[in-house]
Amino acid sequence: MSGAAALGCGDAPVLRERGQREVFCGLTGIIWLHRKIQDAFFLVVGSRTCAHLIQSAAGVMIFAEPRFATAIIDERDLAGMADANDELDRVVDQLLARRPEIRLLFLVGSCPSEVIKLDLSRAAERLSATHMPQVRVLNYSGSGIETTFTQGEDACLASLVPILPREAPGAGSSLLVVGALAEVVEDQLRRLLEGMGIADVRFMPPRSALALPPVGPNTRYLLAQPFLADTARALEARGAVRIPAPFPLGAEGTTAWLQAAASAFGVAPERFDDATRAPLGRARQALARHREQLAGKSIFFFPDSQLEIPLARFLQREMDMRLVEVGTPYLHRQHLAEELAMLPAGTALSEGQNVDRQLDRARAARPDLVVCGLGLANPLEAEGIGTKWSIELLFTPIQGYDQAADLAELFARPLNRRLRLRV
Ligand code: SF4
């Protein structure tokens, strides 16, 4: 079923589609999350397919001691579930004995029916009781039935919220930046925020399970990623208050994101300008080079990462690209209100997917570039349409001033390659 409806925030119409989807499941998030929380381990409870996905997507880890693995649960009937729990306990005992540095263990659920029958939250409680205080065991689902690939991060972070410590009594206001960012980006944003005088800045996920940020009514949180609906809800249930902002992509987005924090913490305009002037100038200069290549080019987003709307805003406003269609798997109107307000009136937005219809629209429009998942990229390339894999946008540091030009380059590169091939 599909249909058009008026959007509450702004007047852009949204085409809502329900049908076959071409997206990775939430297990994919493990690939960037395991690098981020350095004393955590992700144990997928799944099938051989899950093991395969995670191994091939994270093939780069072959020579390192990986911080993820798959416990393969073969087909078994309900009567075999007690054995499955025993087996899981045994695998966890072995793992923790071999890897004493682990402080936080995530049991990650998947979609095979034999895994769905297992109660992983009870298993996590049972294993936590055995292994605390050395190791805490949490669980979340990365199942492809429930999650698209970035929602795996949302589920993981939401599972962390209940174990965050309480704010100390009488604590002043603190800022919590929520969403996994590359360390280089995190360090830059911290320097900028501290440079404005915001002293108590924490990041979630933290780099170590021993550094969980406290949360409570004095916590103001700023989303660094647009796909964290469940995490935001869980933080608000603990009293934290969201600072509404666009996302820190591009020079303009980064400035607006920092400005939102500055306003919430009463930073004087001169101090904000002093802290941002130099990096903003550098970012604008670096972007100019790519604008020449991207201006006037048309782009079509298939729904995949939930980064599509902030990316479209950046490419249209700062790179002068033409938006043909901006698809997102899920449109969170509240978290994206500032972004939607910055898109040009009449932008074609779509939510959800009916992949065949969307492919027809892309083929008819023949955009210069399509942003999509890996499964769609090859067929579109074969038809002569340039593509960018949306998953690359999660593996590459793209937020903040110093990364703005790298972000633009990710879109300029496939266009250049096509130009060179044509010459
Ligand atoms: S969780 Fe489901 S969709 Fe993801 S790899 Fe395993 S079986 Fe496939």
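Derivation of every value follows stated rules applied to the coordinates shown; laboratory data play no part. All of these numbers come straight from a predicted model, not from anything done at the bench. FYI the Cβ positions are ideal-geometry reconstructions off the backbone, even for glycines, and counts take in every protein chain you see.
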Under a Cβ-only charge scheme (Lys and Arg +1, Asp and Glu -1), can you give me the dipole magnitude of the chain about the Cα centre, in debye to the nearest 20?
760 debye
Given charges at Cβ of Lys, Arg, Asp, Glu: the range 155-204 dipole, positive-most of 173, 201, 162
162
At R0 = 60 Å the Cβ-Cβ FRET efficiency linking residue 91 and residue 332, nearest 0.05, sits at 0.95
What share of Cα pairs, in percent, lie more than 36 angstrom apart in the chain?
28 percent
Residue 238 paired with residue 374, simple spin-label distance in nm, labels 7 Å along Cα-to-beta-carbon
3.3 nm
Estimated 222 nm signal from helices in the chain, with DSSP H stretches of n ≥ 4 weighted -39500 (n - 2.57), rounded to 500:
-13000 deg cm²/dmol
Name the GluC sites (Glu not before Pro) in the range 348-416 that are in a loop by DSSP and that have at most 14 other C-beta atoms within 10 Å, would you?
383
If I take every Cα pair under 8 Å that is 6 or more residues apart in the chain, average their sequence separation and divide by the length, what percent do I get for the relative contact order?
18 percent
I need 114, 183 ordered by Cβ neighbour count within 10 Å, fewest first.
183, 114
Using only the Cα atoms of the range 174-273, build the gyration tensor, take square roots of its eigenvalues as a ≥ b ≥ c, and label the shape rounded, prolate or oblate: rounded if a/c is under 1.5, else prolate if a/b is larger than b/c, else oblate.
rounded
Assigned charges on the beta-carbon of Lys, Arg, Asp, Glu; the range 187-333 dipole about Cα centre (debye)
80 debye
What is the distance, in nm, between label points placed 7 Å from the Cα along the Cα-to-Cβ direction at residue 317 and at residue 208?
3.9 nm
FRET efficiency for residue 83 and residue 20, Cβ-Cβ distance as r, R0 = 35 Å, nearest 0.05?
0.45
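Which of the three applies to the range 99-209, rounded, prolate or oblate, going by the alpha-carbon gyration tensor with a ≥ b ≥ c and a/c under 1.5 meaning rounded?
prolate
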Under 20 Å from the Cα of residue 297 - lysines, other chains or at least 8 residues apart:
388
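Rounding to the nearest 20 debye, state how big the charge dipole of the range 174-273 is about its Cα centre with +1 on each Lys and Arg Cβ and -1 on each Asp and Glu Cβ.
That gives a dipole near 280 debye.
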Taking the Cβ of each residue in 116, 145, 391 as the centre, tally the other Cβ atoms inside 10 Å and list the residues starting with the fewest.
145, 116, 391
